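The values are calculated or read from the model by the stated rules, or taken from the named source; none is laboratory data. Just so we're clear, the structure is a prediction, and the values are computed from it rather than from any experiment. So basically every Cβ, Gly included, is an ideal-geometry build from the backbone, and we count neighbours across all protein chains shown. Side chains are part of the model used for accessible areas, which takes the heavy atoms of the whole protein and leaves out ligands, DNA and RNA. Shrake-Rupley method; radii C 1.70, N 1.55, O 1.52, S 1.80 Å.
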Amino acid sequence: DPLKRVAIVGSGNWGSTIAKIVGNNIEKFNTFENEVRMYVYEEMVDGRKLTEIINQEHENVKYLPGHKFSPNVVAYPDVIEAVKDADILLFILPHQFVERTCLAIKSHVKSTAFAVSFSKGFYVGKDKHVDLLSSVISRSLEIPCYVLMGANIATEVAAGTFCEATVGSRNYEHGQLVKGLIQTDEFRIVIKPDTEVIEVLGALKNIVAVAAGFSDGLGYGDNTKAAVIRLGLKEMVKFCEEFFPGHHPQIFLESCGVADLVTTCYGGRNRKVAAAFVKTGKDIRTLEEEMLNGQKLQGPDAAAEVQEWLKEKGQANKFPLFAAVHDICERRMDPKALIDALRYHPEFW
Ligand code: NAD
Ligand code: 13P
């Protein structure tokens, strides 16, 4: 059999971390092409192209400074070139860019390939119809798409401190290939079949993390944040039960569930920027630019996407914490009113 090719679509903080892992791991196999192509959205960094810096210094100095790629990770500014002949496409883009990137490579992807989505968020079409990102990838490229989600603050994963993740796949062979590419002694992978719920949990926990950040910004303590986490988790579970019935009830206990929610509510970017939103009074977009050096927030957009989803299903008033996060981000509600959403939550009726 010809050797299989792996392409990484995206090279931000998480994309670069996965590139570091896959670049090292792939050398263990004799079934894969050694070169791992990584699509890099081109930009100038200190007067040089980022792709040139990565290919000369084997480091993404902007999005994952201080970590070296193995030299088999090669940066490509042209996304069509990056995915050419690839058998496995790892999609690791901020979720806002997934659809347009798929459109750019549509009809340039091998028909026998498969994809894995690492992005946390939803897609809202022009007709306001809301969809899973894995469905957008799968439909536009006409290949299967699995997911990887978990409690994975990228810089910690890159540093090699112990953690775990959940792969969602109902295809045994493809699931094992993904596990082999990504698992290390410090990054353990569990494969579960509840693909849709695994993806949805990854998107929803970012909304709860924004609420946790508001709570921190308001100066409330650990009890309040624990209440945000618990009521947020209740809404996450309710959303999955309502719209994706049939999953295993223990799926919430995998890394993609409670664990990712906890790490993001304590250590994530969504939490950090949401706290600053309350303290400074600046807009989310302004803070994203000032605080994240090009990295992208997923939570505020996911909050808007979920409201579209709930409107479409006629369920907008059943998820008060999700609704409050969106209203606060849009400045229709004072951050302090988050506590009312908790105080009068259906949990206490
Ligand atoms: P990031 O936040 O570092 O985003 C920056 C990336 O977006 C850069 O590579 C930049 O070049 C690229 N970009 C900017 N404009 C673009 C455009 N128009 N088209 C395409 N790309 C463009 O990205 P990330 O941290 O790698 O996150 C990607 C996904 O992975 C997100 O959905 C996130 O939720 C998820 N994730 C992130 C982490 C983490 O800790 N960073 C952990 C787990 C999951
Ligand atoms: P943030 O985007 O809030 O940093 O969360 C990262 C993440 O998804 C951790 O698993």
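Of the residues that sit in region 284-310 and are more than 16 Å from ligand 1 (Cβ to nearest atom) and in contact (Cβ under 8 Å) with a residue 12 or more places away in the chain, which one is most open to solvent (accessible area, probe 1.4 Å)? Even if it seems obvious, please write down each step before you answer.
Residues of region 284-310 more than 16 Å from ligand 1 (Cβ to nearest atom): 286, 307-310.
Of the ones still in play, those that are also in contact (Cβ under 8 Å) with a residue 12 or more places away in the chain are 307-310.
Values: GLN307: 22, GLU308: 39, TRP309: 18, LEU310: 0 Å².
Selected residue: GLU308.
With the requirement that a residue be within 12 Å of ligand 1 (Cβ to nearest atom) and open to solvent by 10 Å² or more (accessible area, probe 1.4 Å), what does region 120-133 give you? Don't jump to the end; show me each part of the working.
Applying the first criterion (within 12 Å of ligand 1 (Cβ to nearest atom)) to region 120-133 yields 120-123, 133.
Selection gives LYS120, TYR123.
With the requirement that a residue be small (Gly, Ala, Ser) and buried (at least 24 other Cβ atoms within 10 Å of the Cβ), what does region 152-170 give you?
Just the residues of region 152-170 that are small (Gly, Ala, Ser), to begin with: 154, 158-160, 165, 168-169.
The answer is ALA165, GLY168, SER169.
Select from region 134-169 the residues that are of a type outside the set (Val, Ile, Thr), within 12 Å of ligand 1 (Cβ to nearest atom) and outside any helix (DSSP H, G or I) and list them in ascending order.
Within region 134-169, LEU148, MET149, GLY150, ALA151, ASN152, CYS163, ALA165 qualify.
Does any residue of region 20-30 turn out to be assigned to a strand (DSSP E or B), under 23 Å from the mean Cα position of the chain (by Cα) and surrounded by 15 or more Cβ atoms within 10 Å (Cβ to Cβ)?
Taking region 20-30 and keeping what is assigned to a strand (DSSP E or B), we get none.
No, region 20-30 contains no residue that is assigned to a strand (DSSP E or B), under 23 Å from the mean Cα position of the chain (by Cα) and surrounded by 15 or more Cβ atoms within 10 Å (Cβ to Cβ).
I'd like to verify a number: residues in region 222-278 that are of a type in the set (Gly, Ala, Ser), over 13 Å from ALA209 (Cβ atoms) and more than 16 Å from ligand 1 (Cβ to nearest atom), how many?
4
Can you pull out every residue in region 267-301 that is within 10 Å of ligand 2 (Cβ to nearest atom), farther than 21 Å from SER11 by Cβ and not charged (D, E, K, R)?
Kept after step one, since they are within 10 Å of ligand 2 (Cβ to nearest atom), are these residues of region 267-301: 267-274, 292, 295-299.
From what's left, farther than 21 Å from SER11 by Cβ: 267, 271-274, 299.
Listed by number, the residues that qualify are GLY267, VAL273, ALA274, GLY299.
Among the residues that make up region 97-106, is at least one of them closer than 24 Å to ILE53 by Cβ and basic (Lys, Arg)?
Among the residues of region 97-106, not one is closer than 24 Å to ILE53 by Cβ and basic (Lys, Arg), which makes the answer no.
Scan (1) outside any strand (DSSP E or B); (2) over 25 Å from CYS256 (Cβ atoms); (3) open to solvent by 70 Å² or more (accessible area, probe 1.4 Å) for the single condition ASN34 breaks and write down its number.
(1)
Can you pull out the residues in region 1-19 that are of a type in the set (A, V, I, L, M) and either assigned to a helix (DSSP H, G or I) or within 13 Å of ligand 1 (Cβ to nearest atom) (or both)? Before you say what the answer is, go through the steps one by one.
Let us first name the residues in region 1-19 that are of a type in the set (A, V, I, L, M), namely 3, 6-9, 18-19.
Correct list: ILE8, VAL9, ILE18, ALA19.
Using the structure shown, decide if HIS108 is in a loop (DSSP other than H, G, I, E, B), over 16 Å from ILE92 (Cα atoms) and at pLDDT 95 or above. Give the derivation first.
Details: in a loop (DSSP other than H, G, I, E, B): yes; over 16 Å from ILE92 (Cα atoms): yes; at pLDDT 95 or above: yes.
Against the criterion (in a loop (DSSP other than H, G, I, E, B), over 16 Å from ILE92 (Cα atoms) and at pLDDT 95 or above), HIS108 qualifies.
Looking at region 76-119 only, could you name the residues that are more than 26 Å from PRO300 (Cα to Cα) and open to solvent by 60 Å² or more (accessible area, probe 1.4 Å)?
Passing the criteria: PRO77, ASP78, GLU81, LYS84, ASP85, LYS106, SER107, HIS108, LYS110, SER111, THR112.
Would you check which residues across region 111-125 are farther than 14 Å from GLU312 by Cβ and outside any strand (DSSP E or B) and list them? Working first, answer last.
Quick first cut of region 111-125, residues farther than 14 Å from GLU312 by Cβ only: 111-121.
Within region 111-125, SER111, THR112, ALA113, PHE118, SER119, LYS120, GLY121 qualify.
When you look at TYR39, is it under 28 Å from GLY268 (Cβ atoms) and of a type outside the set (Gly, Ala, Ser), yes or no?
Against the criterion (under 28 Å from GLY268 (Cβ atoms) and of a type outside the set (Gly, Ala, Ser)), TYR39 qualifies.
With a cut-off of at least 1 residues that are open to solvent by 30 Å² or more (accessible area, probe 1.4 Å) and among the acidic types (Asp, Glu), name the helices (runs of 4 or more DSSP H) lying wholly within region 171-280.
Answer list for region 171-280: 172-182, 195-217, 222-243.
Kindly indicate whether ARG48 is closer than 24 Å to ASP185 by Cα, more than 10 Å from ligand 1 (Cβ to nearest atom) and not hydrophobic (A, V, I, L, M, F, W, C).
Working: closer than 24 Å to ASP185 by Cα: no; more than 10 Å from ligand 1 (Cβ to nearest atom): yes; not hydrophobic (A, V, I, L, M, F, W, C): yes.
Considered against the rule, which asks whether it is closer than 24 Å to ASP185 by Cα, more than 10 Å from ligand 1 (Cβ to nearest atom) and not hydrophobic (A, V, I, L, M, F, W, C), ARG48 comes out as no.
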